[in-house]
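The values are calculated or read from the model by the stated rules, or taken from the named source; none is laboratory data. Values in this document were obtained by computation on a predicted structure and should not be read as measured data. Every residue, glycine among them, receives a Cβ derived from its backbone with ideal geometry; neighbour counts consider all protein chains shown.
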Amino acid sequence: MDMEAFLKEFSQSRYDTVTVGTDGAEVYLRKAPGSLSQIADPIRPSSEPAPSALDSVDERKLIKATRVGLFYPRVKVGDTLEENFIIGQIRAMNIMHEIKAGKAGVVQKILISSGDAVEYGDLLLELEGQA
């Protein structure tokens, strides 16, 4: 199957992500949020956006992804972090990249499950205490 046919097949499939690998190279594809086929009737947007549970969290207490790939946390809720503590790894192109906390605090929530795909800026952890 050529690349164009593969991409067309993927875009029309019910899947939103796919990883393809050959000869030591790996490509990860993720559909744009608006391109997913609709399963239910669309909900009309209200005039005000719905508040997220994380909207009230101080930005200084959040740790975000610094690259695209699959996230594997190395911490658990309750762990105390220092600024240079390695909180996990992001696998991209079959290479594991260590992710540092960048701030001190205690892990309150892990927001991404192990092995889930992340993009730049996705929220990984929420800290409590001095961050």
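Put simply, of 7, 29, 36 the only residue that is hydrophobic (A, V, I, L, M, F, W, C), closer than 22 Å to residue 118 by Cβ and modelled with pLDDT of 75 or more is 29.
Condition first: at pLDDT 80 or above and closer than 25 Å to residue 124 by Cα. Can you find one or more residues in the stretch 44-58 that meet it? For the stretch 44-58, residues at pLDDT 80 or above and closer than 25 Å to residue 124 by Cα: absent. Counting only residues that are among the small types (Gly, Ala, Ser), over 26 Å from residue 30 (Cα atoms) and in a strand (DSSP E or B), the stretch 58-114 holds 1 of them.
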